[in-house]
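Worksheet: one structure, shown below.
The values are calculated or read from the model by the stated rules, or taken from the named source; none is laboratory data. All figures in this text were calculated on a predicted structure; none of them were measured in a lab. Because the Cβ atoms are built from the backbone with ideal geometry, glycine has one as well, and the counts that use them run over all protein chains shown.
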């Protein structure tokens, strides 16, 4: 019976250790982080703003 109790304690310590490590190393997220990530992706796909002059081959 003592072996089973030791096994449960060892598994419990491993689970708690895993949760602590996972919580400390996960990415921090805010309430609007998904919106910010979407906006960053959309701005990467957006064509650059046009300047006053045209390209060399355009008329």
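Residue-wise test of (1) at positive phi; (2) at pLDDT 80 or above; (3) surrounded by 10 or more Cβ atoms within 10 Å (Cβ to Cβ).
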| position | (1), (2), (3) |
| --- | --- |
| 19 | no, yes, yes |
| 24 | no, yes, no |
| 28 | no, no, no |
| 34 | no, yes, yes |
| 38 | no, yes, yes |
| 44 | no, yes, no |
| 47 | no, yes, no |
| 53 | no, no, no |
| 58 | no, no, no |
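Just one of the numbered conditions (1) surrounded by 10 or more Cβ atoms within 10 Å (Cβ to Cβ); (2) at pLDDT 90 or above is not true of residue 1: (1).
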